[in-house]
Amino acid sequence: MRVSLFITCLADLMYPEVGESVVRLLRRYGCEVDFPELQTCCGQPAYNSGYQDEARTVARQWIRAFEHSDYVVSPSGSCTGMVHHYYPDLFRDEPEWRAKAEAIIARTYEFSQFLVQVLGVTDVGATFPHKVTYHPSCHAMRLLGVRTEPGTLMDNVRGMETIELPRRDDCCGFGGTFAVKMADMSEAMVCEKAKHVLETGAEVLVGTDMGCLMNIGGRLNKEGKPVKVMHLAQLLEEGSAGR
């Protein structure tokens, strides 16, 4: 099947290795992966800041980039959630663009969703002999309903000890523009999240959104704590690289 990678801004600019891991895994399971160069931001920062006209402009470009894709896969529940839940609202008064948005929504997936729900993959044959804890991102969990897929994939990683993160469902405080608008509150939230990560004694923090991992990892680094952060795709791909 043909899959288009929606890389997202953070992965493209700061964590390209996450996109590389996604592509390698998808190709391993027979997907023909392309990268539409017309793609841009999903429009979430503008939308969350009240700039709906600007968000619509960006969203139209995003739709143009992917409208001919069989599937669109992204290593971000946040950006995927923006497309799924807010594009129909953005184009509520533009029937033609709303129809285009709804057509592409049906083919757009967060990475772990696509592996489990579409490809039927629950075990990539990975081995990762480390203590790991998992942070579920708010948008993936609450907007997209991604609750079991990451855990299912992690449960089948050999040699890995997964330790439950206390208050795992609490937000890390990033929230995109929230971290800028409400900096003091955001800092308090990420400090609490980092404290819970350290309580687990884990060597590695895993997540499905680089925004969350960047925020938590930045806090841990500031405190001088040697906890590695990894996107789920990196863990699965690196752990099964020899297959």
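Just so you know, all these numbers are worked out from the coordinates, no wet-lab data involved. The model shown is predicted, which means the values in this text are computed figures rather than measured ones. Glycine gets a Cβ as well: all are built from the backbone with ideal geometry, and neighbour counts include every protein chain shown.
General observations
- Zero-based 5 Å bins, Cα pair distances in the stretch 2-118, whole percents: 2, 12, 24, 26, 19, 11, 5, 2, 0
- Gaussian network model of the chain, Cα within-10 Å springs - most flexible of Ala101, Ala188, Ala140: Ala188
- The chain: C-alpha gyration tensor shape, a/c 1.5 cut-off, then a/b vs b/c: oblate
- Cα centroid separation, the stretch 128-172 to the stretch 90-104: 33 Å.
- Amide H to amide H distances under 5 Å link Asp34 with Val3, Ser4, Leu5, where only residues 5 or more positions off or on other chains count and H is placed in the peptide plane.
- Summed side-chain charge close to Lys222 - residues other than Lys222 whose Cβ falls under 14 Å, Lys, Arg +1, Asp, Glu -1: +2
- The mean sequence separation of alpha-carbon pairs under 8 Å and at least six residues apart, normalised by the residue count of the stretch 77-210, gives a relative contact order of 29 percent.
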